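K.L.:
Supplied in structure tokens, the structure appears directly below.
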Amino acid sequence: MQHLRVAWALAGAALGFFLLFWIQAHFFGEGQLVAGTCEIVTLDRDSSQPRRTIARQTARCACRKGQIAGTTRASPACVEAHIVRSRQWCEMMPCLDDEGCDLLVNRTGWTCAQPGGRVKTTTVS
């Protein structure tokens, strides 16, 4: 009788874990992002040229209504869509706190100037 109770308890625990995993997979879905968040999908760096590194990254975002994928504090983020439409890139605060942001002359991107004089240029494609 004791073995039967243990077997039923184990079967119940297994069923409980199965249901828990099924609910998690069904309602939260694997790979789905929370609204208003982004994740980096690919990141490529090319340092073949002296004193210059070219980095390309692709991000996946789940933005809320009125937002679009952008950059905040040097990380992918959801930003207000009017910033991207008007190409006023510095309004999304793409640079780190100690860096200064300037628009490129043709408004195809921005530069982040660090206190030591190093400049990071970002272009939008």
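K.L.:
Quick check: net charge around PRO76, other residues with Cβ under 14 Å of its Cβ, Lys/Arg +1 and Asp/Glu -1? Before the final figure, lay out each step's value.
P.N.:
Numbers: positive: ARG56, ARG60, ARG73; negative: GLU39.
Residues near PRO76 contribute +2 overall.
K.L.:
What is the spin-label model distance, in nm, from GLU39 to GLN57 if the labels are put 7 Å beyond Cα along the C-beta direction?
P.N.:
1.5
K.L.:
Here's another thing I want to ask about it. How big is the charge dipole of region 70-112 about its Cα centre, in debye rounded to the nearest 20, if each Lys and Arg gets +1 on its Cβ and each Asp and Glu gets -1 on its Cβ?
P.N.:
Its charge dipole is roughly 280 debye.
Readers should treat all values here as calculations from the given coordinates under stated rules, not as data from a laboratory. Keep in mind that this is a model prediction, so the values were computed, not measured. Every residue, glycine among them, receives a Cβ derived from its backbone with ideal geometry; neighbour counts consider all protein chains shown.
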